[in-house]
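**Student:** Below you will find the structure I want to go over with you.
The values are calculated or read from the model by the stated rules, or taken from the named source; none is laboratory data. Please read these numbers as outputs of a predicted model, since none were measured by experiment. Cβ placement follows ideal geometry from the backbone for every residue including glycine, while neighbour counts extend to all protein chains displayed. Please note that ligands, DNA and RNA were not included when accessible areas were found on the heavy atoms of the full protein model with its side chains. Shrake-Rupley method; radii C 1.70, N 1.55, O 1.52, S 1.80 Å.
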Amino acid sequence: MNVTQKLIASHLVSGEMIPGQEIALRIDQTLTQDSTGTMAYLQFEAMGIDRVKTKRSVAYVDHNMLQAGFENADDHKYIQTVTKKHGIWFSRPGNGICHQVHLERFSKPGETLLGSDSHTPTCGAVGMLAIGAGGLDVAVAMGGGAYHVLMPRVCQVKLTGKLPPMVTAKDVILEVLRRLTVKGGVGKVMEYTGEGVAALSVPERATITNMGAELGATTSVFPSDAVTRQFFTAQGRENDWKELLPDADAAYEETVEIDLSSLIPLAACPHSPDKVVPVGELSGVKVDQVAIGSCTNSSFADMMKVAEILRGRTVAENVSLVIAPGSRQVLTMLARNGALADMVAAGARILESACGPCIGMGQAPATDAVSLRTFNRNFCGRSGTASAQVYLVSPETAAASALAGVLTDPRSLQTTPVTLRPEAFPANDNMVAAPAAPGEQVEVVRGPNIKPFPINKPLPETLSGEVLLKVEDNITTDHIMPSTAALLPYRSNIPHLAEYCLTPCDKDFPKRAKEKGGGFVVGGVNYGQGSSREHAALAPLYLGVKGVLAKSFARIHAANLVNNGILPLVFENEADYDKLALGARITLEHAREQVAAAAEGTLLCAVTEGGERIALRLDISQRQAEMLLAGGLLNATKEGGNHHA
Ligand code: MIC
Ligand code: SF4
């Protein structure tokens, strides 16, 4: 078996390990962050379960950090108290970005992790099966329920050779994205193999597994080997380590080969992580902002490489350089060894250890600005400035360009930063609050910003409505439910958020949806790529969206739609996309019968006002059909289903 199969086989609750078939997995650990967590805990409370049943569940506060009003602070208080009550660990604000901290302090080779954030696969770097999902799925897992996912195809990424100086793990994953595109990983686990693996440190592996999310992959995984062991020893957690290697005769459904020694510095151009070109082709492009950090590239080693490049120099006059170390552990190390002083002396603006600019929480670039970021997503508008041009690059390219003021290939620098593998990290979990003892009284504090969330009704006999919006390929959840410093404080207030739903595509969408009493959205391929935010289903639900008709869907978003009773309908003939215009009326007669039959693979038939028949597929399991009939997962559970049993 390969590593992925071993992880799945050891956690299989039901289903067969045949690619494409639904399997149920036992979940050992969960994580949430604050922008999806509030909703996940409201849903967990709605399930009426007293205490989590996982081995470890951790709630992080790292996204909604700007406290421009009471809202974010209120949500933090809610998360802190609700987690204490139900047996969940609470990583306090300032402790760091969920994926970085979880990797450092709680990851465990051989275990499963389900997180309400699409970059949860980061912990695949140490041989975990780490998957991103919607908040409701994570709530179910906290309650001891299995996680349902399609058995993935396992794609081996065979690494040979060693990275040349100034070429980094970021360039490896950018190369994979260049070759496979943002939908190339759908339905797959990317498993890294080959002799090149040993040359990559755990944080380097984590950059690769983290940004594997941008391929649309179910997750990415590295073996747990001697390098992993050294990392665990340095974290003071050697007992948490165990070896996990593929068998010598392990088979894979697909193979991609990468010779590390042939790679060069790469950049993803606006506005997609797969628009990858060599940095050299962009050299000389004037840069206005450089942002270093995020869960992709904020490890101690990344920060040290940046500090070394900056030492004794000054950031170019036309550049604003911001740096956010990924965790308090990283920040502590930089403060102790003086690297922080080097960064500050060079003119860097130091941000707290959090997501920050990656999710538009501050540092929105100027109008038309060019912003270089070491992050993982450069979707249009995500930075908070619609006209900004965001490029994704390695920390080395970012630092070199910050000094030069123009996009610069870091190989032109005199310095040759080395990869650091510290022998001991300062491990201190004093900012992770322990849950209350069973039976101990804890009052859950709910601020006025927390509003009830919408719950769907059972599917009616006839589903009818107009096309409220027609969009193109690769629509992201940042289009469906934008996240900016202004909107993130309302993640527990769906009525407010809904006013902005799909507005980057059409500013009149919410108004139209309400006027028409709901209806349908029509999309292209890979609809809903990007984040795990369930709000991209909850806000449409609030506006009356009954179904989305698309050429194909991103995995997490499709699951979120089903969990909320919205039909993710796939065109059987892609050409039918062209037949549907804005305002066209679509009707699905005998919707309940059709949805029930869809689980067996039967096509659905929708009819337009002009009598045109459109064949649609619903790629759902029996379990999901029941959910859609009931009007979503919470209803299905209440009806006595065993979804969280
Ligand atoms: C993101 O990177 O888009 C986020 C913000 O971390 C999201 C979660 C969210 O929308 O809260 C994700 O990746 O799932
Ligand atoms: Fe935070 Fe950005 Fe990572 Fe999402 S991608 S978890 S916003 S740092």
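**Student:** What is the helix-to-structure angle for 202-211, meaning the angle in degrees between its Cα long axis and the longest Cα principal axis of the chain, kept from 0 to 90 and rounded to the nearest 10?
**Tutor:** Value to nearest ten degrees: 30.
**Student:** Straight-line reach only, C-alpha to C-alpha below 18 angstrom: list the aspartates and glutamates that Lys457 could link to, leaving out same-chain residues fewer than 8 apart.
**Tutor:** The reachable aspartates and glutamates, counting only those whose Cα sits under 18 Å from Lys457, are Glu534, Glu589, Glu593, Glu626, Glu639.
**Student:** Net charge near Arg178: determine it from the other residues with C-beta under 13 Å of the C-beta of Arg178, scoring Lys and Arg +1 and Asp and Glu -1.
**Tutor:** The answer is -2.
**Student:** Can you list residues whose amide H is under 5 Å from Asp619's amide H, if they're 5+ apart or on another chain and H is modeled 1.01 Å from N?
**Tutor:** Val570
**Student:** To the nearest 10 Å², what's Arg229's accessible area with a 1.4 Å probe?
**Tutor:** 100 Å²
**Student:** Now a separate question. Once you've got the Cα coordinates, tell me which of Lys77/Lys305; Lys188/Lys451; Lys158/Lys242; Lys108/Lys170; Lys84/Lys451; Lys470/Lys546 are over 26 Å apart.
**Tutor:** Lys77/Lys305; Lys188/Lys451
**Student:** Please work out whether region 191-312 counts as rounded, prolate or oblate from its C-alpha gyration tensor, where a ≥ b ≥ c are the square roots of the eigenvalues and a/c under 1.5 means rounded, while otherwise a/b larger than b/c means prolate and anything else oblate?
**Tutor:** It comes out oblate by the Cα gyration axes.
**Student:** With Rg and the Kirkwood Rh both taken from Cα atoms, where does Rg over Rh land for the chain?
**Tutor:** Reported Rg/Rh, Kirkwood definition of Rh: 0.95.
**Student:** Out of residues 5 or more away from Gly194 or on other chains, whose amide H comes under 5 Å of its own, with H placed 1.01 Å from N in the peptide plane?
**Tutor:** Amide H to amide H, under 5 Å and 5 or more residues apart or across chains, Gly194 pairs with Leu159.
**Student:** Using only alpha carbon positions, build the gyration tensor of region 255-328, then give the equivalent ellipsoid semi-axes as the square roots of 5 times its eigenvalues, largest first, whole angstrom.
**Tutor:** Semi-axes from the Cα gyration tensor: 23, 18, 14 Å.
**Student:** Could I ask something else about it? Alpha carbon centre of region 405-470 versus region 168-188: separation in Å?
**Tutor:** Computed from Cα coordinates, the inter-centre distance equals 22 Å.
**Student:** Tabulate in residue order the Karplus-calculated ³J(HN,Hα) for region 36-53, using 6.51 cos²θ - 1.76 cosθ + 1.60 with θ = phi - 60°, rounded to whole Hz; enter x for Gly and Pro.
**Tutor:** Karplus-based 3J(HN,Hα) across region 36-53 equals 10, x, 4, 5, 4, 6, 4, 5, 4, 4, 4, 7, x, 9, 6, 9, 4, 10 Hz.
**Student:** Could you compute how much accessible surface Lys638 exposes when probed at 1.4 Å, giving the result in Å² to the nearest 10?
**Tutor:** 140 Å²
**Student:** Relative to the compact-globule scaling 2.2 N^0.38 Å, provide the ratio for the alpha-carbon radius of gyration of region 51-171.
**Tutor:** Against the empirical 2.2 N^0.38 Å value, I get 1.24 for region 51-171.
**Student:** Quick one: 3J(HN,Hα) in Hz for region 156-167, Karplus 6.51/-1.76/1.60 with θ = phi - 60°, rounded, Gly and Pro as x.
**Tutor:** Rounded to whole hertz, the list is 7, 9, 8, 9, 10, x, 9, 5, x, x, 6, 9.
**Student:** Same structure, new question: Quick check: Cα centre of region 486-542 to Cα centre of region 41-114, how many Å?
**Tutor:** Computed from Cα coordinates, the inter-centre distance equals 25 Å.
**Student:** Would you calculate, for the chain, the mean residue ellipticity at 222 nm contributed by helices, counting each DSSP H stretch of 4 or more residues as -39,500 (n - 2.57) and dividing by all residues, to the nearest 500?
**Tutor:** -8000 deg cm²/dmol
**Student:** At a Förster distance of 35 Å, what's the computed FRET efficiency of Ser387 paired with Ser261, Cβ-Cβ distance as r, to 0.05?
**Tutor:** Plugging the Cβ-Cβ distance into 1/(1 + (r/R0)^6) gives 0.35.
**Student:** Using θ = phi - 60° and the Karplus relation 6.51 cos²θ - 1.76 cosθ + 1.60, list the HN-Hα couplings for region 353-366 in order, rounded to whole Hz, with x at every Gly or Pro.
**Tutor:** 6, 6, 5, x, x, 4, 10, x, 8, x, 6, 4, x, 6
**Student:** Quick check on region 240-368: what does the Kirkwood estimate of hydrodynamic radius come out to from the alpha carbon pairs, in Å?
**Tutor:** 17.5 Å
**Student:** Near the amide H of Arg349, under 5 Å away, which other amide H atoms are found, from residues 5 or more places off or on another chain, if H is placed in the peptide plane?
**Tutor:** Residues meeting the criterion, in which the H sits 1.01 Å from N, are Leu321, Val322, Ile323.
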